[in-house]
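The structure under discussion appears below in the form of structure tokens.
The values are calculated or read from the model by the stated rules, or taken from the named source; none is laboratory data. Nothing here was measured: the structure is a model prediction, and the numbers come from that model. Positions of Cβ are generated from backbone atoms using ideal geometry, with glycine treated the same way; all protein chains shown enter the neighbour counts. For accessibility, only protein heavy atoms count, side chains too; no ligands or nucleic acids. Shrake-Rupley method; radii C 1.70, N 1.55, O 1.52, S 1.80 Å.
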Amino acid sequence: MEREARLYSLADELNSRLEELVVGCMQLERFHGLTNRVSEELIQESRLSDEAISKIEQIIQENVDSQIVIQVEDVDTPIELSVTEAQNLVRTARMGMEIEHNYTHIGNNMILIYVTTLFEAYLVDIARSVMMSIITEVNETEQEAQREPAEYRANLDELIISLVDRQMDDLAFRSIQNKIKFLQKTLNITFTGKGYSKADINELYATRNILVHNGGIINRQYISTAPKMGYEIGDKRELDDEYTLRAIDIVRLAGTAIHKACMQRFSATQKPMLQDDASRLYARLNSYLDPEDED
């Protein structure tokens, strides 16, 4: 019964970690949509051609009266503006042009940095949960065998837990490749899934690294990690909407594959029931992502 309870406790933790990851991905998708809608609305409100803006600036410089009269396309009556109002109009239009060129790119960069950080935290949390479960199982086995005195065992348990915590803290600062290697080599959690590859994950983090550490400029390390992307050293890495949404999807797919691998690896005789729990979790999380549920 103790082992069964431990397995269910681990399953609950794994389910919670996956739910946090998927809901985080869902929030980023909605943030992406909101960012694009706001950008489009601001652009529409401030849309003027470069020629029109330059003309208004010229009129402002040459104006000696208190009013400026401009004729707007599709509007029969000319519009009268004070010099201050005209200057504000120019500033708003310039801001709109800057938003059009930069706002969505900045939003996409923020989303990629956040989703890659979210995935790394997920891997460390998964590793910690599994390691602690293994320690508990070892303790149960040792207690049944009564190999050591209880006091000695308690001190040893405290030391082991401290070492695991330190190892997990160290793992948190390691590269994504080291985190995945730890799951595969140390915990024997081998995961594969449809819709993404190891190269896809490596490229996401290579992009994240140049955004954070190199101003988005392609360097040798990026070329070494993702040679098939077609960039050259010195190129600017700009993220479009398709790439950003694809990055979120890769993280969600990989996270789900890791969750399934953990269930299969550690559920033992309770596998059918635990997998049924996982199936219900997937169904609930998918319902969160149903477009019909959006406002």
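Within region 183-205, is even one residue modelled with pLDDT of 85 or more, within 22 Å of residue 6 (Cβ to Cβ) and either part of a helix (DSSP H, G or I) or open to solvent by less than 60 Å² (accessible area, probe 1.4 Å) (or both)?
Looking for residues that are modelled with pLDDT of 85 or more, within 22 Å of residue 6 (Cβ to Cβ) and either part of a helix (DSSP H, G or I) or open to solvent by less than 60 Å² (accessible area, probe 1.4 Å) (or both), one finds at least one in region 183-205, hence yes.
When region 12-21 is examined, which residues are found to be modelled with pLDDT of 90 or more and not basic (Lys, Arg)? Give the steps one after another, and end with the answer.
From region 12-21, those modelled with pLDDT of 90 or more are 17-18, 20-21; that's our starting set.
Within region 12-21, 18, 20, 21 qualify.
Those residues that are assigned to a helix (DSSP H, G or I), under 25 Å from residue 225 (Cα atoms) and over 17 Å from the mean Cα position of the chain (by Cα), I need them from region 156-182; list them, please.
170, 171, 178, 181, 182
Report yes if residue 209 is at pLDDT 75 or above, open to solvent by 50 Å² or more (accessible area, probe 1.4 Å), assigned to a helix (DSSP H, G or I) and touching a Leu at 6+ places or on another chain (Cβ under 8 Å), otherwise no.
No, not satisfied.
All but one of (1) part of a helix (DSSP H, G or I); (2) among the hydrophobic types (A, V, I, L, M, F, W, C); (3) over 23 Å from residue 127 (Cβ atoms) hold for residue 257, so report the exception by its number.
Checking residue 257 against (1) part of a helix (DSSP H, G or I); (2) among the hydrophobic types (A, V, I, L, M, F, W, C); (3) over 23 Å from residue 127 (Cβ atoms), the one that fails is (3).
Out of the residues in region 57-94 meeting the condition of being aliphatic (A, V, I, L, M) and exposed (fewer than 14 other Cβ atoms within 10 Å of the Cβ), tell me which one is modelled with the lowest pLDDT. Please lay out each step first, then the result.
First, the residues of region 57-94 that are aliphatic (A, V, I, L, M): 59-60, 64, 68-70, 72, 75, 79, 81, 83, 86, 89-90, 93.
Right, trim to exposed (fewer than 14 other Cβ atoms within 10 Å of the Cβ) and you get 64, 69, 72, 75, 79.
Working: 64: 57, 69: 69, 72: 62, 75: 60, 79: 71.
Taking the candidates together, the pick is 64.
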